[in-house]
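Scroll down for the structure; my scribbles are underneath it.
The values are calculated or read from the model by the stated rules, or taken from the named source; none is laboratory data. All figures in this text were calculated on a predicted structure; none of them were measured in a lab. Cβ: placed from backbone, ideal geometry, glycine included. Neighbour counts: every protein chain shown. Remember, those area values only see protein heavy atoms, side chains included, never the ligands or the DNA or RNA. Shrake-Rupley method; radii C 1.70, N 1.55, O 1.52, S 1.80 Å.
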Amino acid sequence: MAKEFNIVASDGWFVGEDKTLEVYCKQPDGITEQDMTGWALTYELMLERGSSSAEFSKTVGSGIAIGNGLATGDLATVTIADTDTEALGTTGWVKGTKTFYHRLRRTDSGSETMLMYGTVELNENEGT
């Protein structure tokens, strides 16, 4: 079941910071934890909603780990390195923030599913 997950400026995500996002997955009933063990997942940060071009992406084994949260295999941990956001620039920034869009999708052939989507208000680092 797709979950909206917005990160606002006051959450304190700055350009050039290491960040870890934890996404818990539920079954379509919205209550029961979903075991994602063995799933192919892709996380993307995009400049525009629905864009086919990501500023950066992560996959299982390369920035995404599936582990146990509330149940077996229901937690996707997305590890974002400082270098992933360093090159995002400052063009179009308003009052030190810029809005991006992010999503986590299951990408197994025949089982493509949106798991998480939303906005990210990324803060410009002081002095950049």
Only Cα pairs under 8 Å and at least 6 apart count here; give the relative contact order of the chain as a rounded whole percent.
37
About the Cα centre, charge dipole magnitude for segment 3-128 (Lys/Arg +1, Asp/Glu -1 at Cβ), debye
280
In Å², rounded to a whole number, the accessible area per residue of segment 17-124 with probe 1.4 Å is 52
Tell me, what % of the accessible area of segment 23-92 is carbon and sulfur with a 1.4 angstrom probe?
47
Mean shadow area of the chain, taken as a quarter of the surface of its Cα convex hull (nm²)
8.1
Spin-label model distance (nm) - Asn6 vs Ser52, 7 Å beyond Cα toward Cβ
2.9
Leading residue at positive end of dipole, segment 34-111 (Cβ point charges), from Met46, Ala87, Ser109
Met46
Round to the nearest 0.05 the FRET efficiency obtained for Trp93 and Asp18 when R0 = 22 Å and r is the Cβ-Cβ distance.
0.60
